[in-house]
Amino acid sequence: MTAAADARSILTRLGIDDAVFDPQGLATRSPIDGSTGAPVRAADAGEVEDALSAATEAFDAWRRVPAPRRGELVRLLGEELRAAKSDLAALVTLEAGKITSEGLGEVQEMIDICDFAVGLSRQLYGLTLPSERPGHHMRETWQPLGPVVVISAFNFPVAVWAWNAALALVCGDPVIWKPSEKTPLTAIAVHAVAQRALARFGDAPSGLVQLLVGGRDVGRALAADPRAALVSATGSTRMGRAVASAVAGRLGRSLLELGGNNAMILTPSADMDMAVRAIAFSAVGTCGQRCTSLRRLLVHEDVADALVARLARAYATLPVGDPREDGVLVGPLIDEDAVQGFEAALVQAVEQGGEILVGGDRVEGGYVRPAIVLMPGQSAVVMAETFAPILYVVTWRTFDEAVAMQNAALQGLSSCVFTDSVREAETFLSAWGSDCGIANVNIGPSGAEIGGAFGGEKETGGGRESGSDAWKAYMRRQTQTVNFSAELPLAQGVRFEV
């Protein structure tokens with residue numbers, strides 16, 4: 001059975017009928033074997049308008065629901081995701097090409113953020129502040145913001161929606177989801193699971209959780225509409241600039257999770273066994289198609305030869321193939337454009353003085369062998385994010401030089417250092433160390449937990465999703481002052497008597 005046929009059978013098992021398909025709709029294709037499925041019906045301009053109107057109406061009702069009660073909906077969503085975990089994970093593998101364990105891990109991320117958000121629904125804390133005016137009480141509180149638009153990317157086709165939706169829902173906001181046009185089936189499946197949770201909840205307003213499948217025209221229309229109180233967009237820097245421009249043009253609010261050109265600094269004191277394992281997963285996991293994938297390996301010149309030799313041996317044993325098969329660690333790139341980008345970057349690397357040490361060839365179809373490329377410096381191709389399994393190795397002499405090389409990237413998402421030196425580790429984590437939103441010691445740059453806010457600086461967009469206090473992005477802050485005295489004193493000693 002083809003991968004596309006497998007995906008269709010999963011949709012049927014999840015109770016999704018043929019109404020989602022349309023001969024004139026959006027094409028679906030599995031990167032595993034190139035098989036195509038029935039086109040998916042795409043939203044038109046009228047449906048975008050209807051969705052925004054419904055979300056606006058739902059907001060008026062949902063913000064009146066107590067936050068702990070809103071958390072109950074997310075708790076039910078977590079239960080439904082647990083029940084459908086194996087089917088949803090299999091669909092992620094079939095449509096995005098992730099190996100089985102990564103597909104399961106992505107669904108687990110959705111479950112985890114639901115658990116996080118349920119607790120959060122009783123912890124949307126504000127502040128009580130001392131007033132300078134006698135008989136006055138001042139406080140800051142957080143109020144629901146409004147409809148939230150979530151634009152997600154193919155590489156995490158469902159987790160990104162959950163990161164946003166779980167927090168938005170407990171904060172009192174309806175959600176409209178525009179998934180990647182490369183992975184619409186996973187979105188349709190998760191949306192169907194969410195509808196089960198809504199049915200069990202019982203009294204949620206219509207229009208609270210919506211899905212609009214479509215291309216860039218749908219995303220543009222949603223981003224430009226002032227009824228979208230927050231647009232959370234995950235994808236390329238190019239896409240982020242377009243979204244930011246559209247939202248800023250109406251003085252709206254955006255949350256951007258964009259590209260990353262992540263580095264690891266490896267020092268002479270590092271545990272090489274642990275580093276090799278971390279490098280392999282970070283650079284090769286999801287076939288290099290994570291925004292947190294390791295792109296640049298910055299190695300001290302004294303240990304570079306020994307480390308590269310060990311890495312080359314490890315890469316030579318990496319199983320490449322159908323991600324559904326046991327033992328496979330490297331699945332396919334998402335499409336032919338991605339393969340061509342991989343090949344073009346390697347040509348440029350050689351032209352810029354690089355030496356391909358291992359890999360770099362196409363196996364068949366969308367499958368490639370992950371490459372290690374020794375570079376004389378951080379040339380143009382090294383500093384450009386290629387969404388593919390290419391690891392550039394560059395050497396350094398002093399730790400300050402290494403940190404400067406790490407921070408030279410236009411993006412500022414994730415970073416890490418491998419060292420047994422407390423001085424080096426703490427320098428890396430200091431205000432003059434890594435300039436990224438994520439900084440790890442003796443852990444690779446990929447594989448963040450939902451408990452910490454996820455996001456980065458510079459061309460990564462500055463947004464934060466998931467844990468910590470990221471929930472504040474989905475709410476509006478309000479300063480409240482109550483005068484319980486019989487006087488009317490003004491702040492700063494101003495006198496105005498009439």
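Computed from backbone phi, the HN-Hα couplings of segment 182-191 come to 7, 9, x, 5, 5, 5, 4, 5, 5, 4 Hz, rounded to whole numbers (Karplus: 6.51 cos²θ - 1.76 cosθ + 1.60, θ = phi - 60°; Gly and Pro given as x).
Given the chain, what percent of its DSSP beta bridges are antiparallel, to the nearest 5? Could the numbers behind the result be given before it?
On the way: 25 of 64 bridges.
Taking every DSSP beta bridge with both residues in the chain, the antiparallel ones total about 40 percent.
With all protein chains kept in place, the per residue accessible area of the chain amounts to 41 square angstrom at a probe of 1.4 angstrom.
With a 1.4 Å probe rolled over the protein heavy atoms of all chains, the accessible area of Phe201, Phe21, Phe496 falls in the order Phe496, Phe21, Phe201, largest first. Taking the 1.4 Å solvent-accessible surface of the chain as the whole, the part contributed by carbon and sulfur is 53%.
For segment 136-143, backbone phi angles converted through the Karplus equation (6.51, -1.76, 1.60; θ = phi - 60°) give residue-by-residue couplings of 10, 10, 10, 8, 10, 9, 10, 10 Hz, Gly and Pro being listed as x.
Near Gln411, the amide H atoms lying under 5 Å from its own belong to Asn261, Glu459; only residues 5 or more places off or on other chains count, and H is placed 1.01 Å from N. Taking the charge dipole of segment 217-337 about its Cα centre, with +1 at Lys and Arg Cβ atoms and -1 at Asp and Glu Cβ atoms, the residue from Gln289, Gly321, Val218 reaching farthest to the positive side is Val218. Once the Cα-Cα distance is subtracted from the 0.36 nm per residue extended length, the Ala312 to Leu129 segment shows a gain of 60.0 nm.
The mean sequence distance of close C-alpha pairs (under 8 Å, at least 6 residues apart), as a share of the length of the chain, puts its relative contact order at 17 percent. Using the average count of surrounding beta-carbon atoms within 10 Å as a protection proxy, the listed peptides 290-303, 257-270 rank, highest first, as 257-270, 290-303.
Note that segment 13-23 has calculated 3J(HN,Hα) couplings of 5, 7, x, 8, 8, 6, 5, 7, 9, 7, x Hz, one per residue in order, obtained from phi through the Karplus relation 6.51 cos²θ - 1.76 cosθ + 1.60 (θ = phi - 60°); glycine and proline are x. Projecting the Cα positions of Gly71, Thr100, Ala61 onto the charge dipole of segment 59-113 (unit charges on Cβ atoms of Lys, Arg, Asp and Glu, taken about the Cα centre) puts Ala61 furthest along the positive direction.
A simple charge model with +1 on the Cβ of Lys and Arg, -1 on the Cβ of Asp and Glu and nothing else charged puts the dipole of segment 236-344 at about 640 debye relative to its Cα centre.
When the Cα positions of Val394, Ser466, Gly412 are compared along the charge dipole of segment 361-498, Ser466 comes out farthest toward the positive end, with charges on each C-beta of Lys, Arg, Asp and Glu. Dipole size of the chain about its Cα centre, with +1 on Lys/Arg Cβ and -1 on Asp/Glu Cβ: approximately 1180 debye, rounded to the nearest 20.
For the chain, lysine pairs separated by 8 or more sequence positions, or belonging to different chains, with Cα-Cα distances below 27 Å total 9.
The values are calculated or read from the model by the stated rules, or taken from the named source; none is laboratory data. Just so you know, these numbers come straight off a predicted model, no measurement behind them. For neighbour counting, all protein chains shown are included, and Cβ atoms are generated from backbone atoms with ideal geometry for every residue, glycine included. Surface accessibility is based on the protein's heavy atoms, side chains included, excluding ligands, DNA and RNA. Shrake-Rupley method; radii C 1.70, N 1.55, O 1.52, S 1.80 Å.
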